[in-house]
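*Asks:* Pasting a structure here, questions to come.
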Amino acid sequence: MIRSLESCSSETALKLSNLEQNLFSMSWDASIIEQKINDKSFKYWTYQNEDEIIGYLGIQFIHHDIEILGIGVLEKYRKKGVATELMDELISYFEVSKYEKIILEVRESNKSAQSLYKKYNFKHFGKRKKYYVTEDADIFIKEKAYAE
């Protein structure tokens, strides 16, 4: 089940921080996650299986754009449509919002994420060399614009 987080408790922030630690080489501390979710310039959705958070999508609002900060799903729940459902939530939100673009960075090696974004008609925009400090990876910037 997808849940939009309008506010965040310390317990939820800790669950999200632990999820990020399981998914990524770099993750946010629980206190920073709690601050971001409680700040109106950020929005998070979680995908839950009972009390367990198995996936999430976080965004930030920057001027006329939405930037995807992170999307991730626990490995044992991948290829079950969780990321697609989270992206559907984001796209539905985006379509009725005032925002003009969705922007994101993705590791060049993360072909499954790139495939997901292409499914939603994101276009390759450019690269950021050595964006991730701990890894020698290129980043794609994909952009989607509904506004004419």
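Values quoted throughout were computed directly from the atomic coordinates according to the rules given, and no laboratory measurement underlies them. These numbers come from a predicted model, not from an experiment. Neighbour counts are summed over all protein chains in view; Cβ atoms, including those assigned to glycine, are modelled from backbone coordinates with ideal geometry.
*Asks:* Once label points are set 7 Å from the Cα along Cα→Cβ at both GLU95 and LEU74, what is their separation, rounded to one decimal in nm?
*Replies:* Inter-label distance under the simple model: 3.1 nm.
*Asks:* Using Cβ contacts closer than 10 Å as the measure, can you line up LYS98, LYS127 from fewest to most?
*Replies:* By the 10 Å Cβ count, ascending: LYS98, LYS127.
*Asks:* In debye, nearest 20, what is the charge dipole magnitude of the chain about its Cα centre with +1 on Lys and Arg Cβ and -1 on Asp and Glu Cβ, if you could check?
*Replies:* Roughly 620 debye for the chain.
*Asks:* Given the C-alpha atoms of the chain, compute the convex hull and give its volume per residue in Å³.
*Replies:* So the per-residue Cα hull volume is 113 Å³.
*Asks:* For HIS63 and GLN21, what does the FRET efficiency come to when R0 = 41 Å and r is the distance between their Cβ atoms, rounded to the nearest 0.05?
*Replies:* Working: r = 31 Å, r/R0 = 0.75.
About 0.85, to the nearest 0.05.
*Asks:* Non-local amide H neighbours of GLU105 (under 5 Å, H modeled in plane, Pro and chain starts lacking H): which ones?
*Replies:* Under 5 Å from the amide H of GLU105: no residue qualifies.
*Asks:* Of the listed pairs LYS15/LYS127; LYS43/LYS127; LYS80/LYS101; LYS43/LYS123, which have alpha-carbon separations greater than 30 Å here?
*Replies:* Too far apart for the 30 Å limit: LYS15/LYS127.
*Asks:* Grab the DSSP H runs of the chain that are 4 residues or longer, score each as -39,500 (n - 2.57), total them, divide by all residues and round the 222 nm result to the nearest 500 deg cm²/dmol.
*Replies:* So the helix-based figure for the chain works out to -9500 deg cm²/dmol.
*Asks:* Per residue of the range 50-56, what does 6.51 cos²θ - 1.76 cosθ + 1.60 with θ = phi - 60° give for ³J(HN,Hα)? Whole Hz please, x for Gly and Pro, Karplus curve as stated.
*Replies:* Along the range 50-56, the couplings run 6, 8, 8, 7, 9, x, 7 Hz.
*Asks:* Let me ask something else about it. DSSP loop trypsin sites (Lys or Arg not before Pro) in the range 20-89 with at most 16 other Cβ atoms within 10 Å of their Cβ, which ones?
*Replies:* Loop-located and lightly packed - LYS40, ARG78, LYS79, LYS80.
*Asks:* Same structure again: Name the lysines eligible as straight-distance cross-link partners of LYS129: C-alpha to C-alpha under 18 Å, and not fewer than 8 places from it in the same chain.
*Replies:* Correct list for LYS129: LYS111, LYS142.
*Asks:* For the range 7-42 and the range 93-125, what is the centre-to-centre distance using only Cα atoms, to the nearest Å?
*Replies:* The range 7-42 and the range 93-125 have Cα centres spaced 22 Å from each other.
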